[in-house]
Amino acid sequence: MFGAIVAGRPVLAPATTISPTQYAFTIPASPPFHHIVIFLLPGTTLPADSAATVWIQLPPSTEFKLLGGIANEKQSAVFKVNNAGNA
């Protein structure tokens, strides 16, 4: 359903299914990165009038930070990742 790109790394797809409405990617912290692209895979559509929110958890924190969202009308987005550990 979703794919992810970190610059200079292979495309990550498909995501791991956590629940019917939650998916996750595991992205190694090294080499450091500052942007991530999240996109709908070809042929994927979300239910009408809905969107997918994009959250990130950067160790060692256990909290998730909202990055933004994607939808059928905006099928991909580039998100800036601000993390002191990713210098």
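The values are calculated or read from the model by the stated rules, or taken from the named source; none is laboratory data. What you see is a predicted model; the values in this text were computed from it and never measured. Cβ placement follows ideal geometry from the backbone for every residue including glycine, while neighbour counts extend to all protein chains displayed. What goes into the accessible areas is simple: the full protein's heavy atoms, side chains included, and nothing from ligands, DNA or RNA. Shrake-Rupley method; radii C 1.70, N 1.55, O 1.52, S 1.80 Å.
Show Phe64, Phe39, Phe25, Phe79 ordered by accessible area, largest first, where the area counts protein heavy atoms only and the probe is 1.4 Å.
Highest to lowest solvent-accessible surface, that is Phe64, Phe25, Phe39, Phe79.
What is the chain's relative contact order, in percent, from Cα pairs under 8 angstrom and six or more apart in sequence? All intermediate terms of the calculation are to be shown ahead of the outcome.
Numbers: 128 pairs, mean separation 24.9, N = 87.
Rounded, it is 29 percent for the chain.
The label point for Tyr23 and the one for Val78, both projected 7 Å from the Cα toward the Cβ, are 2.2 nm apart.
Classify the stretch 38-86: rounded, prolate or oblate, from the alpha-carbon gyration tensor (a ≥ b ≥ c, eigenvalue square roots; a/c under 1.5 rounded; otherwise prolate if a/b is larger than b/c)? Prolate is the answer for the stretch 38-86, as a/c is 1.5 or above and a/b outweighs b/c.
Classify the chain as rounded, prolate or oblate, taking a ≥ b ≥ c as the square roots of the eigenvalues of its Cα gyration tensor: rounded when a/c is under 1.5, otherwise prolate if a/b is larger than b/c and oblate if not. Prolate is the answer for the chain, as a/c is 1.5 or above and a/b outweighs b/c.
Could you check how much of the accessible area of the stretch 1-85 is carbon and sulfur, as a whole percent, using a 1.4 Å probe? Provide the component values of the computation, followed by the final result.
Working: 3470 of 5760 Å².
After summing per-atom areas, the C and S share lands at 60 percent.
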